[in-house]
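The block underneath contains the structure these notes are about, expressed in structure tokens.
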Amino acid sequence: MHLEQNKHLELCLLSVICDRDRSSIVEDALEKYKTFFSLVTFGKGTANSKILSYLGLGETEKAVFRCVLPKEEAVKLNAEINEALEFAKPGRGISFTVKIDNGCYQKPVQFLSEGNKEEHMHKDAVHDLIIVVLNRGYCEDVMEAASAAGATGGTVMNARGCGMSGMDKFFGVVIAPEKEVIWIVATKDSSPDIMAGIAEKTGPTTDAGAVSFTITVNDVHGINLSRIEV
């Protein structure tokens, strides 16, 4: 599957983990930025070690935000959240950004690359993490489309959309706030076909409303390549 090039857009995935009772601070910050979409899930820290406590991952209720937005906006938003939540103090939480390589609404698109430096960093990487965002209740339909295109499995999580108006404008469709997120690890050769299959059968113009993005992952274990039909 040929990847169309977008030479004018560089996207990042911004992840923020903070105490649930402070999640409104992040949501307020998100209102100021044009994110393509923002999702929040809720969980609980699982460890008491000094290191995890320092990182803000102790045994308290947590909010986990995942936002897709242009790189420059991601840097500004990350800095604002860092200051507002006082991440410099131990136990307040963490945030980080990851470059998004490709995205798919109607067809796969490769976003702006940083050139030779980035190519060198990822030259040995052979897998992508495909992040699929869809309307809740349609994960089986999306996984059926993904499997038909070569996916060997996925992990489903519930999420709630916040700051979704940017996504409406970007994709040109109404996006339901109750979401599911599917993570699929696939080879770089197969990920464009998987994203295209998802878009064709369960894309934003369908009830499933699925869109997908990829980030490069390294040192992958647990994928049985013999299950992939050639």
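A Cβ distance below 6 Å, combined with a sequence gap of six or more or placement on separate chains, defines the contacts here; from the stretch 186-200, residues that are within 10 Å of Gly150 (Cβ to Cβ) reach no residue that is assigned to a loop (DSSP other than H, G, I, E, B) and acidic (Asp, Glu).
Helices (runs of 4 or more DSSP H) fully within the stretch 1-99 that include at least 3 residues being modelled with pLDDT of 85 or more and charged (D, E, K, R): 71-84.
Just so you know, in the stretch 187-218 the residues that are touching a His at 6+ places or on another chain (Cβ under 9 Å) and over 21 Å from Leu39 (Cβ atoms) include one that is surrounded by the most Cβ atoms within 10 Å (Cβ to Cβ), and it is Pro192.
Put simply, of Glu140, Glu119 the only residue that is at pLDDT 85 or above and out of contact with any Lys or Arg (no Cβ under 8 Å at 6 or more places or on another chain) is Glu140.
Contact map, the stretch 27-38: first residue within 19 Å of Cys104 (Cα to Cα), second residue assigned to a loop (DSSP other than H, G, I, E, B), Cβ cut-off under 6 Å, separation 6 or more or different chains; pairs are Thr35/Gly163; Ser38/Cys162; Ser38/Gly163.
The values are calculated or read from the model by the stated rules, or taken from the named source; none is laboratory data. Just so it is clear, the structure is predicted and the values come from calculations on it, not from any experiment. No Cβ is skipped: glycine too gets one built from the backbone with ideal geometry, and neighbour counts run over all protein chains shown.
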